[in-house]
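A short worksheet on the structure shown next.
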Amino acid sequence: MEENRTSLLEREAEYREKCPGCKMDRLKQEQAGVPYKLLSFIWIVSLCTALQISSLFPFVYFMIRDFHIAKREEDIGFYAGFVGSSFMVGRALTSLFWGVVADRYGRKPVILIGTFSVVVFNTLFGLSTNFWMALSMRFFLGCFNSQLGTIRAYASEVCREEYRALALSVVSTSRGIGLIIGPAIGGFFAQPVEKYPNLFVESSIFGRFPYFLPCLIISVYAVGSLVACKWLPETLHKHAEKANERADLHDISEHSSNDSGQKDNIVELEDKQIHKSNLLKNWPLMSTIIVYCVFSLQEMAYSEMFSFWAVSDKKYGGLSFSSQDVGEVLAISGFGLLLFQLLLYPPVERRLGPLMVTRLSAPQSQRGAANAISITAMSVFKAFGPAGGGAL
């Protein structure tokens, strides 16, 4: 028995020496401060995820219009809604799958696959020639880009416990930056032949595919994110499953001469299985997920519906904005959200706690004030020119 135990410990030490998760744990113990280098790479990759979500909203209305699939102008928003939501449909269908893959094979492979999917499918989306191609490319992009949860888990695993809040705020900040840069890219670089005739000619690829340039810019950034992934170490403990199996066999063999001990071991294993199977009955967890879904619904509904309303003609109750105008408004709104996350939210959360902050923010729009200011400023600017907009 003593020889078996010694052999077991030696093999366990060998597994831990080769385990990337254990290497990361040793690295966290050795480092004294914040791992700024790793957090910067996480920020770069997380920004890549946020850009391709928000970049299409300023121009998707015009893209559907140019596909000539809508028989009436009032029906453009109907088809544009399918293109906008197809990404989230694909993400919803595959998020659990990619979470399982990340827990089994590692965080880094999932991050690499998601980032590479932006390079491929986002580029093809910009080259779409009809409605069904655009719809399918956004759907596939969502299917292979469900890495938000993986990135959050990875960010919390590369830092010591006292810096985990900072690591998660890095992910949130990159998302806020994406809400600023993404719509700006989509608004300023869509239809470049019409906006910048001195730089782009009608016979070029950007004349044939007027919405390719913003997608190309984001895809090029995704290539840079792929390069940054080279310096991301794996954090998954790949020895844990085998170690648990060996520990269970060792416990059973050790208690084989004692019937009561063996029964206790079996009961403990059964309790673990019951605990795993009842994960969906964990009400605090499920209620948190439901609240997050409600806030996400509000945010995405605003981004899409505002874009469609702003670009609609005034005779239909819209604002007759161009894609550049919509990009500016969404960028200003995203900047307001970023300022709130960086300056206002931390002290309020420390004073009231996360639960009370969630309750207070539930009955009101997360970005209502920023939206109202940006829309009013844009309207005054269009009505009275730079002097009026600057005075406001």
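Observations
- Percent carbon-and-sulfur accessible area, segment 41-190, ignoring ligands, DNA and RNA, probe 1.4 Å: 70
- With K and R counted +1 and D and E -1, the other residues having a Cβ less than 14 Å from that of residue 357 yield a net charge of +2.
- Rounded if a/c under 1.5, otherwise prolate or oblate - segment 46-111, Cα gyration tensor axes: prolate
- Ranking 50, 81, 67 by Cα position along the charge dipole of segment 28-83, where only Lys, Arg, Asp and Glu carry charges on their C-beta atoms, puts 50 farthest toward the positive end.
- Compared with the alpha-carbon gap, the fully stretched path from residue 288 to residue 350 is longer by 20.4 nm at 0.36 nm per residue.
- Heavy-atom accessible area per residue - segment 17-135, 1.4 Å, Å²: 47
- Only the Cβ atoms of Lys and Arg (+1) and of Asp and Glu (-1) were treated as charged; on that basis the dipole of segment 16-63 about its Cα centre amounts to roughly 200 debye.
The values are calculated or read from the model by the stated rules, or taken from the named source; none is laboratory data. Here the structure is a predicted model, which is why all the values come from computation and not from measurement. Every residue, glycine among them, receives a Cβ derived from its backbone with ideal geometry; neighbour counts consider all protein chains shown. We work out accessible area using only protein heavy atoms, side chains counted, and drop any ligands, DNA or RNA first. Shrake-Rupley method; radii C 1.70, N 1.55, O 1.52, S 1.80 Å.
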